[in-house]
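Bear in mind that the values in this text are calculations on the coordinates, not laboratory data. Source: prediction; values computed, not measured. Quick reminder, even Gly has a Cβ in these numbers, built from the backbone with ideal geometry, and neighbours come from all protein chains shown.
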Amino acid sequence: MTYNLCLLPRAEKYLIQLEYEASYWAYQIKKGKKTRDVVYSTILSRSVSEQDFLKQKFEYYLSIM
């Protein structure tokens, strides 16, 4: 099954991008390239509306890696 991400609304594309960022941060933690403090400071520098989503997805990806 394939998905054309170009057909998604702009808001959904942005959420996919945020989820990708969160998964990449979790990967960097697991590989020892970043610390949780650095990641959380990056999350807290984002807008308030994004922070909860990023924290939730970051913790999710950390738990499954």
Gain on full stretching of the segment that runs from Asn4 to Ser45 - 0.36 nm per residue minus C-alpha separation: 11.7 nm
Whichever aspartates and glutamates have a C-alpha closer than 19 Å to that of Lys30, once near sequence neighbours (fewer than 8 apart) are set aside: Glu19, Glu21, Glu59
CD proxy at 222 nm, helix term only [per DSSP H run n ≥ 4: -39500 (n - 2.57); per residue of the chain; nearest 500]: -24000 deg cm²/dmol
Value of relative contact order over segment 9-64, rounded to a whole percent, pairs C-alpha under 8 Å and six or more apart: 48
Inter-label distance, nm, simple model (7 Å from Cα along the C-beta direction), Met65/Gln28: 1.0
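Just to confirm a number: summing +1 for Lys and Arg and -1 for Asp and Glu over residues other than Cys6 whose beta-carbon lies under 13 angstrom from that of Cys6, what do you get?
Charge balance near Cys6 sits at +1.
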Identified option (computed Cα Rg over 2.2 N^0.38 Å; candidates [x] 1.20; [y] 2.11; [z] 1.06): [x]
Span-like helix ranges in the chain, DSSP H, alpha carbon extent 24 angstrom or more, Kyte mean at least -1.0: 10-30, 48-64
